[in-house]
Every structure is written in structure tokens, then in C-alpha cells.
Amino acid sequence: MSGAPLCPVVQQVRPVSAAPRPEPAEIREAAHCFVVDADGRRIPFGALYRRQKAVVVFVRNFLCYTCKEYVEDLAKVPRSYLQEANVRLIVIGQSSYHHIKPFCSLTGYTHEMYVDPQREIYKILGMKRGEGNDISVQSPHVKSSMVLGSIKSMWRAMTSPAFDFQGDPAQQGGTLILGPGNLTLFV
């Protein structure tokens, strides 16, 4: 590498209207659900954005190659940028909390990460299940081809200490900007 600084990708890759905005009642309901941190502590989802704005990224699962590559790019966001903007950057997966530390190590991600093991928040917020996608985009976050990425994901699954899919492989994710309070700024 040439020593050039690693810059986060900031390009929007699909229109904001691609996903329905959660209703305020859904945000309030989700706020009462619990997420789990890397040490197994349960935290109310709403506490993550109650007092300050938070960018909350729900990933499909920790073996998903597109999610891995996206989180690798999120890892490049300097903590000082977030502090200056008074924003939290949070990734939420949907597996056991035991997968958080290995995934952070793999991706270099040092910001906040939690899991929603029963996918309660995913369901309340209407995140879809299934592979179908009627929006074709080329994301600057995804570097691997579908074939190579799938092979890498399967290899990681087979070589991990607990062979599992690290979440529902059909679960889709999404990104929200929430807070402070139950304010939804972006879906």
C-alpha cells in the first residue's frame, strides 16, 4: 500500500424511497426490545439512540460477504469524525453474541456492535427475508464477485469453531439514522 489514508465510501447507492420508513409506533416498540453486546449483556435497543443520533446498520448475518465488506468500510470511519458530529455508529447482527468479537477482529471494526439473536427488531421494523431484490445496484462497498464472496463465506462457516450460519441467511438488513429519542431521520 502507498500509505494513502483510508477514506470511507460516502456514496449513496440506492434511492431513499427503496424501503418503507418504519412507523413511529414501530420505532417505539423496537426501542423496548433488547440487543446483546459482545460480553452477553442485554441492552434496550432504544438506549442506543435515546440521547444522541445514531447510524444503526442491521447486517444480514456475520457470514454474508457483502456485509463483511461493508463493515470493513465502516471500520474506516474515524472515531474523531463521529465524536465531532455527536453520532454513534452501531452495527447489529442477528446471531449469537459469541460471533461479535471474531467478526470485529475479521473486519477491523472498533465501533459499537450488538446482536438481535431472535430478530425481534428486524421483524418489528419490517426488514424482509429472502434473497429477492428488484433493485440492481453496484455498491462501492462490495469488492468480491458473488461467486468468490459466496465461497469465502462458506469457507469461513466451515472453519469457524461453531459451524453455523451466524444468523438467518435469508434475513435482509437495512440502515436507519435514529435519535435522539424516537426520531427517525433516514431509512
Item to check | Scope segment 64-94; condition in a loop (DSSP other than H, G, I, E, B) and open to solvent by 10 Å² or more (accessible area, probe 1.4 Å); matching residues | outcome: Cys64, Ala75, Lys76, Val77, Pro78, Asn86
Checklist entry - Within segment 110-152, how many residues turn out to be modelled with pLDDT of 90 or more, assigned to a helix (DSSP H, G or I) and open to solvent by 50 Å² or more (accessible area, probe 1.4 Å)? => result 2
Checklist outcome for this item: When segment 95-109 is checked residue by residue, the ones that are open to solvent by less than 60 Å² (accessible area, probe 1.4 Å) and within 17 Å of Val36 (Cβ to Cβ) are Ser95, Ser96, His99, Ile100, Phe103, Cys104, Tyr109
Item to check | Subset of segment 47-63 [surrounded by 20 or more Cβ atoms within 10 Å (Cβ to Cβ) and not in a strand (DSSP E or B)] | outcome: Leu48, Tyr49, Val59, Arg60, Asn61, Phe62, Leu63
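The values are calculated or read from the model by the stated rules, or taken from the named source; none is laboratory data. From a predicted model like this one, the values you see are computed outputs, not experimental measurements. Here Cβ is always computed from backbone atoms with ideal geometry, including for glycine, and neighbour counts include all displayed protein chains. For accessibility, only protein heavy atoms count, side chains too; no ligands or nucleic acids. Shrake-Rupley method; radii C 1.70, N 1.55, O 1.52, S 1.80 Å.
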